[in-house]
Amino acid sequence: MLVGSHLSIAGGMHLAVQAAVRLGLDCLQVFTKNQRQWKVKPLAQADVDAFRAAVREAGWHRDPERRLVSHNSYLVNLASPDGRARARSRALQLEETERCEALGIPWCVMHPGAHLGTARDAADEAAGIRRLAAELDAIHRSTAGYRTVTCIENTVGSGTNLGGPLEHLAAIRGAVRDPGRTAICFDTCHGTAFGHDMSTPEKARAFWKAFDAAVGTEHVKVLHCNDSKGALGSRLDRHEHLGAGACGRACFAAIAHMRVLAKVPAIMETPKEGRLRGRDPDRANAAWLRALALAACACVSAAFLGGCRPWAKPESEVLAERSGVAVAPTPEEAERLRRAQDVARRGEYQEALGEFRSMLAENPRLAAAQVGAGAVTLEQGDLRAAQRAYEAAVRADPRNTEALVGLARTHAAAGRDEDALKNYRAALAVKADDMRAVAGIADALERTGNQPAAIPFLERLCADAGADADAWTRLGRAYLAGGRIVDASAAFEEAVALGEVSEATMDGLVSAYGAEARWSEAASAAGEFARRWPSSAASERAAWLAFRAGDYERALLAYRDAAERDPRSTKAWNGVGVCALNAWLLSDRLDGAAREEARRAFERSLEVNASQPQVQKLLRTYAP
């Protein structure tokens, strides 16, 4: 889960990026200007450069769609019936889109506005949606080719505001002429305050099923994770710290465990003042949210997923206690377990661990408490304690997949990959569709250098509809290691098609195309790689592949770039020399400038390393 926050841009937007990194956040939302003023100060190039430099320093430039979000001005109302007001709003939203594009921010969150007619009147709502869509169309026409996408945010639906019912979100996106330029931002506080009940696992599951049918969950590109001060259906837009409001833990647990939302930036807009549980509020809220995603036996989230053993068991299993096998907790123990897990999810690990150990002192065969203790100590980095707890859970219940997976993860964290494999396989023997075990086996095999053996497990991961680019990239690398070159190319192409192109993906694609002797495609991919992740070595590779493809002009340009980046690279200078010499020969030896460039390049190469007889021969023969 990608957890971030809306941070202040006081002193410069680049400082917000640096603050997010210091707080340990994964992503960031900002205002690119004062959100409550119509007058906009122009965006200075120095501000753009500083922001982009901070993004690059944070390593976020490679996947900005997971990292960077802006929120538009609160003044914008593109649904207004007043033409002059709409024109003013359109100009302000256009300015915001242009600023986002300049800064490299892919997502711009926008409230849908108010129709200003009669509240709850279907005709007025439809008219407001038509006006909003028409204004968005005008903005899109003015920004053709821009990458920034407008994310329509759901609202509490107060007064004549649009965006409360799910049907509004679907209608807005369906009405614009270029739906690819619009997406959805879902705010948990707004959803609860409007009346969308996600307070239990069952209700959360029902809501997201309805959302998917009405809007399409795949269109959610930004999340706002805020608890609600207002009660369910109150239409009160007041944000509260996570876990302290009316949304319910299940609301956030559902989001934390939905694969389709795993790569969506989850932005907190929670209160910033004072301390929360003794910590910075953003740190404390982020820890609470991450705990939901990480907790191995979180009752609420596991009930949503169906991935945790139920607390209650049939009476027949209670009899197993006589043989020393773990049994279900008593109702009292189950309640204590739930409380301890709640504490762990809030990041208060020592308090949770004390409760788990207190329960174990009373009932040493309570496997669920051992699993809870293992999860907490593993999160704390105490691998020995985690191993002891998980091993005790496995002794009590050898078929407890949570214990087996937890023990495997502990071994993996300690570098004991063979032991990790053993326990992952044991978990898979109990539950054949446990994708945690499948992923763990693939990870361990890759770490031990046995990538071909990881192929069937990586294929299972990629067969899942929610497989991301990283899974396909790993499969492509395993195919390459196993000599399955055509399959490797197809896997890397699938990764690229998902739109999450990483350095590893492009590197693998170049290697696969080259291994297939698809020189032209390899050269194009290598050129794109060098553009995104520039270095002398990247330019040299792009140049060599372009030369193999017969594109000598592109090869010469790439070799020049490599030589400029690393003046001591003999490969780069020799490449320039050979390409320039080739241009001279192809011109029937009429292009004297090319011959002169070849001579200078070979001389520069020999200055770096004089022991190059082949280069000396070329220089004597063709460019004396």
**Q.** Breaking point among (1) under 25 Å from C27 (Cβ atoms); (2) part of a helix (DSSP H, G or I), for I105
**A.** (2)
Q. Here are some residues: A50, A54, A58. Which one is modelled with pLDDT of 95 or more and surrounded by fewer than 18 Cβ atoms within 10 Å (Cβ to Cβ)?
A. A50
(Q) I'd like the full set of residues that are surrounded by fewer than 23 Cβ atoms within 10 Å (Cβ to Cβ), within 20 Å of A562 (Cα to Cα) and not acidic (D, E), limited to the range 507-534. (A) S511, G514, W519, S520, S524, G527, F529, R531, R532, W533, P534
Q | Counted residues, the range 138-154 - those being assigned to a helix (DSSP H, G or I) and surrounded by 15 or more Cβ atoms within 10 Å (Cβ to Cβ) | A | 3
Q) Quick one: V76 ticks every box in (1) β-branched (V, I, T); (2) surrounded by fewer than 19 Cβ atoms within 10 Å (Cβ to Cβ); (3) closer than 19 Å to I184 by Cβ bar one, so which box is it? A) (2)
(Q) Can you tell me which residue is farthest from the chain's Cα centre (by Cα) among those in the range 318-340 that are crowded, with 16+ Cβ neighbours inside 10 Å and at pLDDT below 85? (A) V325
Q: Considering every residue within the range 207-215, establish whether at least one is surrounded by fewer than 22 Cβ atoms within 10 Å (Cβ to Cβ) and part of a loop (DSSP other than H, G, I, E, B).
A: no
Q: Report the residue count in the range 181-222 for those that are among the charged types (D, E, K, R) and within 16 Å of L261 (Cβ to Cβ).
A: 6
Q.
Between R599, R568, which is within 23 Å of S535 (Cβ to Cβ) and of a type outside the set (V, I, T)?
A. R568
Q) Within the range 1-42, how many residues are in contact with a strand residue (DSSP E or B) (Cβ under 9 Å, 6 or more places away or on another chain) and of a type in the set (S, T, N, Q)? A) 5
Q. Can we say A469 is at pLDDT below 90 and under 27 Å from M258 (Cβ atoms)?
A. yes
Q | Total residues in the range 175-205, condition of a type in the set (A, V, I, L, M, F, W, C) and more than 25 Å from the chain's Cα centre (by Cα) | A | 4
Q | the range 565-593, residues that are touching a helix residue (DSSP H, G or I) at 6+ places or on another chain (Cβ under 6 Å) and among the polar types (S, T, N, Q) | A | S569, T570, N574, N582
Q) Is it true that G278 is modelled with pLDDT of 95 or more and on the phi > 0 side of the Ramachandran plot? A) no
Q: With the checklist (1) in contact with an Asp or Glu (Cβ under 8 Å, 6 or more places away or on another chain); (2) aromatic (F, W, Y); (3) under 20 Å from H115 (Cβ atoms) in hand, flag the one item F207 doesn't pass.
A: (3)
Q. When the residues of the range 485-520 are filtered to those that are touching a Leu at 6+ places or on another chain (Cβ under 8 Å) and either polar (S, T, N, Q) or not in a helix (DSSP H, G or I) (or both), which remaining residue is modelled with the lowest pLDDT?
A. S489
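The values are calculated or read from the model by the stated rules, or taken from the named source; none is laboratory data. Note that the coordinates shown come from a computational prediction; the quantities given were computed from them, not determined experimentally. Note that we place each Cβ from the backbone using ideal geometry, even for glycine, and neighbour counts take in every protein chain shown.
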